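Computed from the coordinates by the stated procedures, all read-outs in this text should not be read as laboratory data. Model, not experiment: these values are computed from the prediction. Neighbour counts are summed over all protein chains in view; Cβ atoms, including those assigned to glycine, are modelled from backbone coordinates with ideal geometry.
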Amino acid sequence: MNSPKLIKSYVLMVFLCFLSTVSMSQVQPTLGGTSRMMNNALAEMNKGDFEKANNLFRQIIESNLPIPPEMPYYFAETLFQLKQYDNSANFLNKYLELNGLKGENFEKAKALESMLEKPLNEIKACQLCDRRGYKFQVCFTCEGAKDIEQDCNYCKAKGIVGCNKCVGSGLITKRNVFNIVEYHECDKCGGDGRHTCPICDGTKIESGTCRTCQGVGQLQSDQICNHKADEPRHLSAVFNRMRSH
């Protein structure tokens, strides 16, 4: 006959095993949530609404949940349709790296890889966009001039700077032979405690590299580049007037 102590130990063991099973089930990752989002994204792709599909795929990534193994391919296809070719290539490479020949969409992935060659080469050869294919825009501060007159950064547009010898006080201290502190007029600033800014010569304005574009004359944008230079506005307006007549 089992003793009460033995029965109590057995019950405690069963309870601990139950808690362990529950705990493991709580931390085990699930693809349920991401699978639903991916199915919704695929439905949007079938409708031709790649913007919505793009947003759904990004939600999957940002959720920090397990990503379905075929998702990188579908995301790459979506990005290709949106002409985000560099991003498309990145996700396609990740898909092939993770799945290789075993991927359900391996053949389609290789076909997409071939389709990406031309637009990626066009991006590399284009001087109008960055390496990702986003068009450069003219710097709104210097209007492409690269150098510009702007508030002096050294003196913060004050025209003056504090004397570094007397720390702006106009006085310097010395100890005499009796160890007594004596105050003397600063010989560097003449007791003013400040100097004319050596960069702008007191004008408060300096000419130099545009700080907005760092002297490049252009800025990145979120506009996909078509690799064609914009037509000058005044010529475009003349052309439109001629065509209207």
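Net charge around T34, counting only other residues with Cβ within less than 15 Å of its Cβ (Lys, Arg = +1; Asp, Glu = -1)? Its environment carries a net charge of 0.
Under Stokes-Einstein, with the Kirkwood radius over Cα pairs as Rh, the value for the range 67-179 at 10 °C and 1.306 mPa s is 82 µm²/s. With distances taken between every two different alpha-carbon atoms, the range 105-150 has a Kirkwood hydrodynamic radius of 13.3 Å. Using only alpha carbons, the range 147-209 has a radius of gyration to Kirkwood radius ratio (Rg to Rh) of 1.23. Based on Cα contacts under 8 Å between residues 6+ apart, the range 147-209 shows a relative contact order of 48 percent. In the calculated pair-distance distribution of the range 32-125, the portion above 19 angstrom amounts to 39 percent of the Cα-Cα pairs. With 0.36 nm allotted per residue and the present C-alpha distance subtracted, the R132-H227 stretch has 33.0 nm of extension available. Close amide H contacts of I205 (hydrogens built in the peptide plane, cut-off under 5 Å, sequence separation of 5 or more or a different chain): C152.
Phi angles of the range 200-217 translate, via the Karplus equation with coefficients 6.51, -1.76, 1.60 and θ = phi - 60°, into HN-Hα couplings of 9, 6, x, 7, 6, 10, 10, 9, x, 4, 4, 6, 6, 9, 6, x, 8, x Hz per residue; Gly and Pro are given as x. Calculated FRET efficiency, T141 to E185, Cβ-Cβ distance, R0 = 45 Å: about 0.55 to the nearest 0.05.
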